[in-house]
Structures are given as C-alpha cells and as structure tokens.
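Notes for the one structure printed next.
The values are calculated or read from the model by the stated rules, or taken from the named source; none is laboratory data. Because the structure is a prediction, the values reported are computed rather than measured. Every residue, glycine among them, receives a Cβ derived from its backbone with ideal geometry; neighbour counts consider all protein chains shown. To get the accessible areas, we keep the full protein, side chains included, count just its heavy atoms, and leave off ligands, DNA and RNA. Shrake-Rupley method; radii C 1.70, N 1.55, O 1.52, S 1.80 Å.
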Amino acid sequence: MVNFVAHDSRFRLALLFLTSVVFVVGGFWAGGAFGAAPSSPRYPDAVIFSVGWFSVVFFGLGGVVALKRFLNPREQLEIGSYGVRWFPWSAHVIPWSDITDVTTWRHKQQKAIVLHLRNPPRFQGRRLAAAFAGANRTLTGGDIFISLTGTDRTFEEAVSAIARFRS
C-alpha cells in the first residue's frame, strides 16, 4: 500500500493568511488603533477593546504561521503501515504499537484527529504544537491533536488512511 501523505497547500495557506489579515485589521479597529473604538449597546467598551486586541494577537500569530508555511511548504502528515508522523509535532514516527486509540474531534467546521498514546512522555512535541499540547489534551482528552488545515488532503482522507493502515 502507498503511504498517505499530506503536504502544505499554498492556495489554502494563502487563504488562511488573507483571512488572518482581515481579522487583525478588524482587531486593530475594535481596539481603537484607528481612532475611537466602536461601541455597542450590547457590550461594554472594555469587552470590545479586549476582543479587538485578542484578535490582533491570535490571528496575527496564525497569519505568521500560515505565511511561514506558505514560504516554505513541506510535508505535514504521513500515515503508513509503520505508524503516524506529524511533522509539526515531531520528525519521528509514532508506531501503531504506541497508539492506544485514535479518535476525532469536531467543533463547528473544525475537525481534527486525536492520537492517544501508551507512553506520552516518550513522544515529546516541539515548538507551537508542544506549546498547545496541554490545552489540546484538556479539550480533546488525547495526546496529539492533528489538524489538516492548510494541507492538500482532507480530514476524511486521513481518517480513511488510518483505518486502512491501523487494521
């Protein structure tokens, strides 16, 4: 069987980057960077101001990540008979024998694959993926959160490949 491989999609990353730019500009506007901040009878000014600056930081970081991946596209996920390798987490393969369960997580339009490991400390994450590992663990109950956002393959294709190779 041929391994499943998901690479960065420049088109999808460009859309992610442009979307983040729109939210950053909107955040600056809501934060009052272009003059008087907008007001609403529904929400206190402090809430609008805070949401604006949160948007600047959150979507600004997301835009930086999308731009970095756009400028240096590479393989993101590989699934094969040996196991799973998710490059944002680690360059090492996680063998099927160390994966106790594979579940999915869905919230609105977002979908992700969640790996549950036999010995999580053995497979330490790196960079941004490791920084969000605790939050992802709390949210999903699993150890490694795999998103195919910005890649040339779909969530359904990856789940199908896991079912094919894991059996």
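Close amide H partners of Gln76, meaning residues 5 or more places away or on another chain with modelled amide H under 5 Å apart, are Ala6, His7, Asp8. Carbon-plus-sulfur fraction of the accessible area of the chain, 1.4 Å probe, in percent? Summing carbon and sulfur atoms, their accessible area is 63 percent of the total for the chain. Local charge for Leu16 was computed over the other residues whose Cβ lies under 13 Å away, with Lys and Arg +1 and Asp and Glu -1, and equals +3. Could you work out how far apart the two model spin labels at Val64 and Phe34 are, taking each label as a point 7 Å from the Cα in the direction of the beta carbon, and quote it in nm? Placing both labels 7 Å beyond Cα along the Cβ direction yields 2.3 nm. If only the Cβ of Lys and Arg carry +1 and only the Cβ of Asp and Glu carry -1, the dipole of the chain around its Cα centre is close to 100 debye. Measuring with a 1.4 angstrom probe and ignoring ligands and nucleic acids, Ser39 comes out at about 90 Å² accessible.
Net charge of the neighbourhood of Arg122, taken over other residues with C-beta under 15 Å away and scored Lys/Arg +1, Asp/Glu -1, is +1. The calculated 222 nm mean residue ellipticity attributable to helices in the chain amounts to -14000 deg cm²/dmol, summing -39500 (n - 2.57) over DSSP H runs of n ≥ 4 and dividing by all residues. Under the combined filter of DSSP loop state and at most 16 neighbouring Cβ atoms within 10 Å, region 85-135 retains these trypsin sites (Lys or Arg not before Pro): Lys108, Arg118, Arg126. Roughly how far apart, in whole Å, are the Cα centres of region 48-84 and region 86-140? Each part reduced to its Cα centre gives a spacing of 16 Å. Among the listed values [x] 45, 32, 28; [y] 47, 36, 28; [z] 59, 31, 26, the one matching Cα extents along the principal axes in Å as calculated from this structure is [z]. Which one of Phe17, Thr149, Ser50 is farthest out on the positive end of the charge dipole of the chain, using unit charges on Cβ (Lys, Arg +1; Asp, Glu -1) and the Cα centre as origin? Toward the positive end, the furthest listed residue is Thr149.
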